[in-house]
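Laboratory data are not the source of any read-out in this text; all were calculated from the coordinates shown. Here the structure is a predicted model, which is why all the values come from computation and not from measurement. Note that we place each Cβ from the backbone using ideal geometry, even for glycine, and neighbour counts take in every protein chain shown.
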Amino acid sequence: MPEDHAADIQLVTRAGEEQARPYGLPLAVLAEITHRCPLQCPYCSNPLAMEPAANELSTADWLRVIDELADLGVLQIHFSGGEPTARRDLVQMVSRATEVGLYTNLITSAVGLTRDKLSALADAGLCHVQISVQGAEPALADRVGGYKGGHARKLEAARWTRELDLPLTVNAVMHRQNLLQLPQIIDMAVEMGASRLEVANVQYYGWALKNRRALMPSPAQVEACTATVEAARARLHGVMEIDYVIPDYYAERPKQCMGGWGRQFFNISPSGKVLPCHAAETITGLDFDSVRDRTLAWIWDNSPALNAYRGTAWMPEPCRSCEWKEADFGGCRCQAFALTGSAGNTDPACARSPLHARVFALAESEAEADHTRFIYRNLSGGTEEAGPA
Amino acid sequence: MRPTVAADSVPRLPRHVKLRHDKARDRWLILVPERVLVPDDTAVAVLSRVDGARSVRDIATDLAQTYQAPVDVILADSVALLQDLADKGFLAVTEAPHA
Ligand code: SF4
Ligand code: SF4
């Protein structure tokens, strides 16, 4: 192995500035430009109460925000949603982002894409496309997404992506009902021409929490999934990179969430709220500032919601005196809120949390119960799948 | 198929890999999907010469002159560095037509 000539970025502050603050310059932003989406995935990370189209930021708002992002030192913008191509001004936004030097990524379900739209995005300077898949074959994939014919359209969009010489990442969200198809999903991603595959196990908050009974895998299933990924990584070295996120219910320690709350990343909601992560609106009682009222520079430094869980000073025990607190920042605030009722608690995914054993046992019993019926994500608070449990 | 980097390969940064000097942080960065990499000085020296026209040998010869170092050592280092990037999907290569 050659020595590594490029390390992943750590906390980076402004040139010449001391690292005195518990956060740096933001590296990347997730721009959720709309919550509208033709799909209805039962694990969608959008909040249960979604933003109607009438509340969305205008084109002019977004173009100003994109300029502010570049001034603030943001390097990458991920256009996401909902389904970002549902907005007609997406090409305009990508153009502006390219102009001001941002690295642009499109995170899409690909169902509403046309070849012309994709080609216009490529001309506007789009750097990368990420297409989500729900399974390895139409029957399951279309059932999970709640959209007939969706899977076939994704494969078609992937073909256009590669024809236009745009690089492709395939994103596969895994859960009990599609884990068995992982080997075929990996082969399919290679055939789609992906240079990267993200295998992400569902994170349980928002819609996924509502659907946990139908989604939670067993520890044995997760182990099998890990073995599949490891074998594929060895086999596909140099052909396709595989990023893998395990469900942390079954881990000893939680994931470091978003690189730390408000540390190097933020999210902008369709109505302009600045959030430390895409799921933060599931936490009630936090006041999020909007780009409609304040500049991004002000918000990044002063937003009470961003400052609430920055660094380590807010931590209770067992995190406060734990040797790993700088490594995982106490895990995920959204998961802590969802499972303990307070975002200021240790993430129960951690084995040191007093609630860990209970959470783990609950997860296991849900994984064994035979509930398969989904509650589909939609603007009216969810619709239960028809048919037997 | 796994791309192989050799002395006569012509490397090129694909669309999803951007080498950029970032003014706010005053450092060179490599932007790739979902990640930001901080290249060391050697990587910057090599990558800033990658233009889709010059071969790895051309680049090493240029570096050997600039840094007054033996060309075979630099060539071996450059091949290893570029192969590593290619394996991660961050570099495209074509074979040079034989002169
Ligand atoms: S997870 Fe599914 S429903 Fe949610 S935005 Fe993505 S494609 Fe749409
Ligand atoms: S106690 Fe807190 S800091 Fe320590 S590993 Fe668990 S979550 Fe992380």
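Taken about its Cα centre, region A:26-246 carries a charge dipole of about 740 debye when Lys and Arg each add +1 at the Cβ and Asp and Glu each add -1 at the Cβ. Tally Lys/Arg at +1 and Asp/Glu at -1 over every other residue whose Cβ is under 13 Å from the Cβ of A:ALA357; what's the total? Counting the neighbours of A:ALA357, the net charge comes to 0.
Amide H contacts of A:GLU198 (H built 1.01 Å from N, in plane; Pro and chain starts excluded): A:VAL170, A:ASN171, A:ALA172, A:ASP243 sit under 5 Å, all sequence-distant by 5 or more or on other chains. Full extension of the chain between A:GLN256 and A:ARG88 gives 57.0 nm of extra length, using 0.36 nm per residue less the Cα-Cα distance. Count Lys and Arg as plus one, Asp and Glu as minus one, and take only other residues whose Cβ is under 13 Å from that of A:ALA86; the net charge is then -1.
Exposure proxy for A:ILE185, A:ILE246: other Cβ atoms within 10 Å of each Cβ, ordered fewest to most, give A:ILE246, A:ILE185. Loop-located trypsin sites (Lys or Arg not before Pro) in region A:229-292 (DSSP state not H, G, I, E or B) with no more than 14 neighbouring Cβ atoms inside 10 Å: A:ARG292.
Average projection, convex hull of the Cα set of region A:312-370: 4.2 square nanometres.
Averaged over the residues of A:238-248, the number of partner chain Cβ atoms lying within 10 Å of the residue Cβ comes to 2. Per-residue packing, averaged as other Cβ atoms within 10 Å, sorts the ranges A:75-81, A:190-196, A:307-313 into the order A:75-81, A:190-196, A:307-313, beginning with the highest. Note on the protein assembly as shown: Cα Rg divided by 2.2 N^0.38 Å, N the number of residues, gives 0.99.
Other residues with beta-carbon under 13 Å from the beta-carbon of A:GLY272 carry, at +1 per Lys or Arg and -1 per Asp or Glu, a net charge of -4.
Calculated [222 nm] ellipticity per residue, helices only, for chain A: -9500 deg cm²/dmol; basis is -39500 (n - 2.57) per DSSP H run with n ≥ 4, divided by all residues, nearest 500. Residue by residue along B:16-25, Cβ atoms of other protein chains within 10 Å of the local Cβ number 6 on average.
The listed peptides A:159-171, A:356-368, ordered by packing as a protection proxy, come out as A:159-171, A:356-368 (highest mean of other Cβ atoms within 10 Å first). FRET efficiency for the pair A:GLU163 and A:GLU317, taken as 1/(1 + (r/R0)^6) with r the Cβ-Cβ distance and R0 = 45 Å, rounds to 0.20. With contacts taken as Cα pairs under 8 Å at a separation of at least 6 residues, region A:312-370 carries a relative contact order of 25 percent.
When the helices of chain B are scored as -39500 (n - 2.57) per DSSP H run of n ≥ 4 and the total is divided over every residue, the value at 222 nm lands at -11500 deg cm²/dmol. Going down the list A:LYS210/B:LYS88; A:LYS117/A:LYS210; A:LYS148/A:LYS210; A:LYS117/A:LYS148; A:LYS273/B:LYS88, which pairs span over 32 Å between their C-alpha atoms? Table pairs above 32 Å Cα-Cα are A:LYS210/B:LYS88; A:LYS117/A:LYS210; A:LYS273/B:LYS88. A straight Cα-to-Cα reach below 16 Å connects A:LYS325 with the lysines A:LYS255, residues fewer than 8 places away in its own chain not being considered. Note on A:SER342 and A:LEU362: with the Förster distance fixed at 22 Å, the Cβ-Cβ geometry gives a FRET efficiency of about 0.75.
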